[in-house]
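Data block below; observations after.
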Amino acid sequence: MSRRAWRVGVSAWVALLLSACASVRGRPADGPVDEAEAYLRAWAANDLAALRRAVAAPPAGFEEEHQRFRDGLRIVSSRFELGRIERDGEHATATFRAVHLLRGLGEWELEGTLPFVRREGRWLVRWTPSVLHPEARAGDRFSRTRTRPPRADLLDGSGEPLTHEGEVISIGVDPSRIRSQADVASALQAQLGVDPARLDKVLSAAGAASERFVPVIDIRPERYQQVRPALAPVPGIFFRRKTARLSPAEGFAAHTLGRVGEVTAELLAQLGPLYQPGDLVGLSGLERALEPRLAGRPSGEVLLTSAAGEPRVLFRFEGEPGMPVSTTLLPRVQAAAEAALEGVELPAALVAVDSNTGAILAVASRPLGQALNRALTGRYPPGSTFKVVTTEALLARGMDVNARVSCPPVAAVSGKSFRNFEDEAMGDTTLKQVFAHSCNTAFVMLAASLGGEALAEASRRFGFNVEYNAGLPSPGGSFPMPRDAAELAAAAIGQGRVLATPLHMASVAAAAESGLWRAPYLVTDLEDGPSAALENDARAPLSTLMRAAVAEGTGKAASGVPGLAGKTGTAEFGTVPPLPTHAWFIGYRNGVGFAVLVEGGGVGGRVAAPIAARFASAL
């Protein structure tokens with residue numbers, strides 16, 4: 001063996017020997033290794049009885065001392081890692097690393113020691129308050145401070161705040177004073193549109209029965225003055241004033257911006273240990289979806305106060321301010337959407353997007369008292385508004401707006417009969433006319449020449465079956481591949497298994513104007529979503545057809561708005577004839593694509609088109 005090889009071998013052997021000696025010295029076989037690990041396990045489990053059994057001559061109030069440490073700091077959980085153990089005869093010291101999770105603040109990490117003494121063959125902990133923390137002495141008290149930063153603003157599309165602090169009236173109930181829950185539910189629904197199911201939920205929540213005031217809904221003072229005469233006489237309904245986070249006006253983008261209120265037990269479990277009971281958090285909408293970003297991170301201190309009353313800071317939690325979030329909403333467009341739905345008694349939605357970017361400019365859902373955001377999460381058969389997609393597929397195959405087509409009163413496909421609204425028929429006519437007057441039978445027959453693949457490809461160009469993140473949950477549009485000729489015929493007129501949200505149909509209208517479908521988005525961070533180009537030659541003829549639908553066809557109720565192009569829809573749903581229908585209108589004007597839905601509203605041209613006209617004329 002060479003000298004160099006011999007030296008390397010000896011060096012490796014020495015290193016191995018030293019490592020082994022260090023290991024033995026750090027965790028000697030005859031030291032309190034098992035006892036230290038058992039003690040730390042019991043501490044992590046907050047098993048005070050097991051801790052007492054492991055302590056030599058535990059002091060009076062041992063359990064109370066541990067519990068005060070835990071309660072004073074609001075420790076949720078603790079975990080420990082055993083370090084070195086050094087023995088000196090019948091005494092030993094174990095080092096450990098502790099990580100305590102403090103409710104509402106986060107993790108506090110510290111190094112500690114466990115002193116041991118050997119008695120009658122057993123290793124026992126010689127406990128003093130310094131086990132809890134090296135600086136603790138008898139009579140010391142642990143406590144903490146916590147400060148939450150101001151909640152950051154939601155901003156509109158021009159960077160101005162959409163939210164501010166103001167006074168509201170909280171309307172709630174005292175469960176012990178309710179004589180008739182049905183009367184309470186009826187009054188709240190009639191005056192404020194509160195869904196009775198919402199009252200059931202708040203009353204059945206854990207601990208609600210013992211509360212003197214269970215909040216149900218917050219309203220502005222001016223609205224309170226209107227409803228108080230009707231609500232105050234109802235036994236069990238009470239009112240409280242408080243400060244709250246407000247939008248520019250009552251109902252303004254209410255479902256989208258969301259509410260802020262005291263954290264619920266359910267949300268507390270979801271949000272995690274940085275939150276604690278009593279915190280104000282986002283309860284719905286963007287306030288909930290963007291909660292950590294808007295709320296920031298609380299700051300605080302771990303304090304040790306001596307028996308003489310002198311506090312020492314053991315640890316500081318550095319907080320983080322909340323970060324404002326820029327939305328794409330434009331107040332003037334949102335106000336136009338809210339005004340357009342004024343007086344609509346049926347459930348309804350109106351959504352508007354920027355045709356050139358996909359930015360969501362306005363979102364309005366009714367009724368305000370229901371939690372469902374119909375505009376973003378409601379999925380409905382789009383009915384004849386889907387004919388925009390079917391027509392683009394026809395144009396991609398070479399048809400033009402003046403191509404001759406037939407519009408009979410009935411078209412039979414695989415034994416299933418399709419009819420036009422009120423049994424209309426146009427005979428031999430043009431694509432422009434059957435689109436403008438929404439002839440179902442013409443599109444049913446044209447679909448057969450297209451085939452399922454061509455229609456599915458066209459639907460993908462309009463974002464159907466494309467996943468995207470709008471900033472709030474929204475399932476978009478779904479176009480299942482037709483299984484037979486009858487399903488293909490139904491799909492071509494937006495029936496069968498085709499479903500879409502009002503938001504998605506607004507993006508369809510926007511794509512018809514711009515020639516490029518863009519995934520709609522509500523938060524500026526999400527502007528780079530998926531997109532798809534329509535067929536090169538489709539944009540101009542689609543514009544001609546959609547303008548004709550408003551000028552002379554089923555959308556004529558909106559013909560007084562210059563430059564408005566659109567398509568109506570009357571979409572059947574349910575299973576019991578005569579089938580009820582949703583009323584639709586999708587359209588665009590001056591770079592804004594939008595969709596109107598009135599759930600169970602009937603005929604799109606009669607119900608949705610006038611709403612569209614009110615909205616478009618205000619742009």
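The values are calculated or read from the model by the stated rules, or taken from the named source; none is laboratory data. A quick note: this is a predicted structure, and the numbers were derived from the prediction, not measured. Every residue, glycine among them, receives a Cβ derived from its backbone with ideal geometry; neighbour counts consider all protein chains shown. Accessible surface areas use protein heavy atoms only, side chains included; no ligands, DNA or RNA. Shrake-Rupley method; radii C 1.70, N 1.55, O 1.52, S 1.80 Å.
What net charge is computed for the residues neighbouring Gln334, neighbours being all others with C-beta under 15 Å from the C-beta of Gln334, Lys and Arg scored +1, Asp and Glu -1?
Its environment carries a net charge of -3.
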(request) Could you pull the accessible area for His164 with a 1.4 Å probe, rounded to 10 Å²? (result) 90
(message) Probe radius 1.4 Å, ligands and nucleic acids ignored: give me the carbon and sulfur share of the accessible area of segment 416-544 as a rounded percent.
(response) 46
(message) What's the magnitude of the charge dipole for the chain around its Cα centre, counting Lys and Arg as +1 and Asp and Glu as -1 at the beta-carbon? Answer in Debye, nearest 20.
(response) 940
(message) What is the distance in Å between the Cα centroid of segment 394-451 and that of segment 518-587?
(response) 18
(request) For segment 422-546, just say rounded, prolate or oblate: build the C-alpha gyration tensor, square-root its eigenvalues into a ≥ b ≥ c, call rounded for a/c under 1.5, and beyond that prolate if a/b exceeds b/c, oblate if not. (result) prolate
(message) For a quick check: with amide H placed at 1.01 Å from N, whose amide H comes under 5 Å from Leu516's, ignoring anything fewer than 5 positions away on the same chain?
(response) Leu534
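First select every other residue whose beta carbon is under 15 angstrom from the beta carbon of Lys201; then total the charges, Lys and Arg +1, Asp and Glu -1.
Charge balance near Lys201 sits at -2.
Taking the solvent-accessible surface of protein heavy atoms with a 1.4 Å probe, what is the per residue accessible area of segment 423-570 in Å²?
Averaged over the residues of segment 423-570, the accessible area is 36 Å².
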(request) Report which label in (i) 44, 25, 23; (ii) 65, 34, 21; (iii) 35, 32, 24 holds the value of semi-axes √(5λ) of the Cα gyration tensor in Å derived from the coordinates of this structure. (result) (ii)
(request) Select from Gly236, Val173, Leu267 the residue farthest towards the positive end of the dipole of the chain; place +1 on Cβ of Lys and Arg, -1 on Cβ of Asp and Glu, and compute about the Cα centre. (result) Leu267
(request) Tell me which residues come under 5 Å, amide H to amide H, from Ala348 once H is placed; ignore anything under 5 positions away on its chain. (result) Arg366, Glu599
(request) Quote the charge dipole size of segment 188-249 about the Cα centre in Debye, to the nearest 20; the model charges only the Cβ of Lys and Arg (+1) and of Asp and Glu (-1). (result) 260
(request) List the longest stretch of the chain that has no exposed loop site; here a site is one of the GluC sites (Glu not before Pro) assigned by DSSP to anything other than H, G, I, E or B, with at most 12 other Cβ within 10 Å. (result) 121-317
(request) Please compute the net charge surrounding Ala375, taking Lys and Arg as +1 and Asp and Glu as -1 over other residues with Cβ under 14 Å from its Cβ. (result) +1
(message) Give me, ordered by chain and number, the residues 5 or more places off Phe317 or on other chains with an amide H under 5 Å from its own placed amide H.
(response) Gly300, Glu301, Val302
(request) Pick out, from Ser384, Ser284, Leu350, the residue whose Cα sits farthest towards the positive end of the charge dipole of the chain, with +1 on the Cβ of Lys and Arg and -1 on the Cβ of Asp and Glu. (result) Ser284
(request) Please name which of Ala549, Gly560, Trp517 has its Cα lying farthest along the dipole of segment 513-600 towards the positive end, using unit charges on Cβ (Lys, Arg +1; Asp, Glu -1) and the Cα centre as origin. (result) Gly560
